[in-house]
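S.K.: Following this message is one structure expressed as structure tokens.
Here, each number is a calculation from the coordinates, and none is a lab measurement. As the structure is a prediction and not an experimental result, all values here were calculated from the model. Every residue, glycine as well, gets a Cβ built from its backbone with ideal geometry; the counts of neighbours run over all protein chains shown.
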């Protein structure tokens, strides 16, 4: 039911989410192949902050394996939460996500071809560049196709679905031709953070921070946009500029995330949806909440992914979809399909 | 501040203009009404007037400024629009919906001030929907939604108000109330343009009637002159009997054709 009174204020929800994320982050530093007690974790972090990191085994596990992975999970999760929120507002449709716009599959196609064609020649480091480039190119194509249509939101969705299908076919073709590298590609496509390095963090964290900053300012305009394109214009929103801005933002955040971690589904779909139910549709609260909520969800999922079947690793994309899809279906059952979240 | 369309021609497809050489002025203190058959370009004209659509030729001036050079925000501070229909599925309460009317006046941080809240409350009261303030917009009836949207337009505190068939979902008492409100707003100095089909009540509250047909203005003047049987026949292609009783009440009735079945 829309508009049950929300028991918690947006501020309280933000505090709870933030605290939970910090707690889980510390927990995640402790668990894994080798259990490390909290005291040791804190000591290692403190020492490295003071500039003289201990070069022992525990230090390496905490500071070069677990910490970058945890921070990357936070940054990617936050970026996906924000991208999902921006996409849902852009389409006035709570079921939208960077997926349906073709960004994710566009970025995936670039990465797969990057790995196949140039991975050997110029090194694996170039793959994310390919991925981001193709994600942006595909979004630009979808955008240009959609601008010609009348109702922007709808034609964007349709163009996105079509282009997305095309990219998936390209990816499938690449997999078919991959030969002995099939397994690497498939594993990558499933999405995961096991290769996380500080370099990845240095790419993703600024991208997410930029996304967040870019979304804080149009938050009131995003509220107005929910009443429809025409009315938003009448109320003073530069609708076209808002749409273009949100689109660029979704494309950038999603393709950078995909380039680093593969396709991790459902975070961007579910986080804004759940938070909108918990705190209402006001974007001033939703923007920070979706960032923290996405971070928390991906952090939890990734920690589970590397511990439930330890020492083996479950691709986190499998985990988010396996848990995310039923949760999402349950939400749909509860709310009725197509009704906006409130 | 006058809102004036000067000789504008507009077509969604430039080869097939919906509006041809239309000149119209909305004047402060007066209620101007736009009558005309379905699809004759009334709503299109309204959207040209607030700069949402850009005419292929001619100009729309707000005071001495061309509307095309103004930002949506600047326009929204001056002109409020009550659209013909609003999506039902908006995830806001009535009060939040009205608060959106204040958007154009917020700074970059978009903080709602206590003054905004007061204005929203006042507008809700004025439209008799104060008791619905915390109800979800999607749960309201058609008439209640319409009054909330009008309250939102009032919250914009513009100097011009453009209403597109505002009486559509209202019962006769609320229609009367709406027309009285529109009169009062004009008396307070607003320039009001109202698109309507109502030959029964509306003519009693109008200063100027503009009759639009096939994208052209075919008559402009006082209601008693413009809403005459021959003019109506020319615009709508149907014969209507209109009787004015000394300007205080009006009777409009369809003239029965031979083919019309008896009730």
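S.K.: So what is the 222 nm mean residue ellipticity for the protein assembly as shown from helices alone, if each DSSP H run of at least 4 adds -39500 (n - 2.57) and you divide by all residues, rounding to the nearest 500 deg cm²/dmol?
M.R.: Calculated mean residue ellipticity at 222 nm is -17000 deg cm²/dmol.
S.K.: Using a Förster distance of 25 Å, how high is the FRET efficiency between residue B:128 and residue B:240, based on the Cβ-Cβ distance and rounded to 0.05?
M.R.: Approximately 0.20, to the nearest 0.05.
S.K.: Using DSSP, restrict attention to beta bridges with both residues in chain B and report what percent are antiparallel, rounded to the nearest 5.
M.R.: Given both bridge residues lie in chain B, the antiparallel proportion sits at roughly 60 percent.
S.K.: Also: Springs between alpha-carbon pairs under 10 angstrom, Gaussian network model over chain B: which of B:237, B:215, B:11 fluctuates most?
M.R.: B:237
S.K.: Further, regarding this structure: For the pair residue A:194 and residue A:60, how long in nm is the line joining their label points, each one 7 Å along Cα→Cβ?
M.R.: The two pseudo-label positions are separated by 1.9 nm.
S.K.: Using a Förster distance of 60 Å, how high is the FRET efficiency between residue A:19 and residue B:85, based on the Cβ-Cβ distance and rounded to 0.05?
M.R.: Computed FRET efficiency for residue A:19 and residue B:85 comes out at 0.85.
S.K.: Then there is this: Describe numerically, in nm with one decimal, the distance between label points set 7 Å from Cα along Cα→Cβ at residue A:213 and at residue B:157.
M.R.: For the pair residue A:213/residue B:157, the computed spacing is 3.3 nm.
S.K.: Measure nothing but the geometry: give the 0 to 90° angle between the long axis through the Cα atoms of B:172-187 and the longest principal axis through the Cα atoms of chain B, rounded to 10°.
M.R.: 70 degrees
S.K.: Give me the extension gain from residue B:187 to residue B:115: residue separation times 0.36 nm, minus the current Cα-Cα distance, reported in nm with one decimal.
M.R.: 23.5 nm
S.K.: With axes computed from alpha carbons, what is the tilt in degrees of helix B:114-126 against the longest principal axis of chain B, rounded to the nearest 10 within 0 to 90?
M.R.: Relative to chain B, helix B:114-126 is tipped by roughly 30 degrees.
S.K.: Anyone know which of B:150, B:79, B:218 comes out most mobile in the 10 Å Cα GNM of chain B?
M.R.: B:218
S.K.: Over the range A:205-342, what is the mean sequence separation of C-alpha contacts under 8 Å (at least six apart), divided by residue count, expressed as relative contact order in percent?
M.R.: After rounding, I find 26 percent.
S.K.: Next up: Please say if chain B is rounded, prolate or oblate, where rounded means a/c under 1.5 for a ≥ b ≥ c the square roots of the C-alpha gyration tensor eigenvalues, and otherwise the choice is prolate for a/b larger than b/c and oblate otherwise?
M.R.: oblate
S.K.: Just want to confirm a number: the relative contact order over the range B:3-254, from Cα pairs under 8 angstrom separated by 6+ residues, in percent.
M.R.: 26 percent
S.K.: How big is the antiparallel share of DSSP beta bridges in the protein assembly as shown, given as a percent to the nearest 5?
M.R.: 60 percent
S.K.: Oh, and also: Order these peptides, A:240-248, A:86-94, by their mean beta-carbon neighbour count within 10 angstrom, highest first.
M.R.: A:86-94, A:240-248
S.K.: How high is the FRET efficiency from residue B:7 to residue A:334, r the C-beta distance, R0 56 Å, rounded to 0.05?
M.R.: Plugging the Cβ-Cβ distance into 1/(1 + (r/R0)^6) gives 0.50.
S.K.: Apply the a/c threshold of 1.5 to the C-alpha gyration tensor of chain A and tell me whether it is rounded, prolate or oblate.
M.R.: Verdict is oblate for chain A.
S.K.: If you average the sequence gap of Cα pairs under 8 Å that are 6 or more apart and divide by the length of the range A:10-335, what percent do you get for the contact order?
M.R.: The value is 31 percent.
S.K.: Now for a separate question. Helix B:142-155 versus the longest principal axis of chain B: what is the Cα-based angle in degrees, 0 to 90, to the nearest 10?
M.R.: Roughly 60 degrees between the two axes.
S.K.: With no solvent and one point on each alpha carbon, what is the Debye value of log10 I(q)/I(0) for the protein assembly as shown at q = 0.07, 0.09, 0.10 Å⁻¹?
M.R.: Each listed q corresponds, in turn, to -0.54, -0.79, -0.91.
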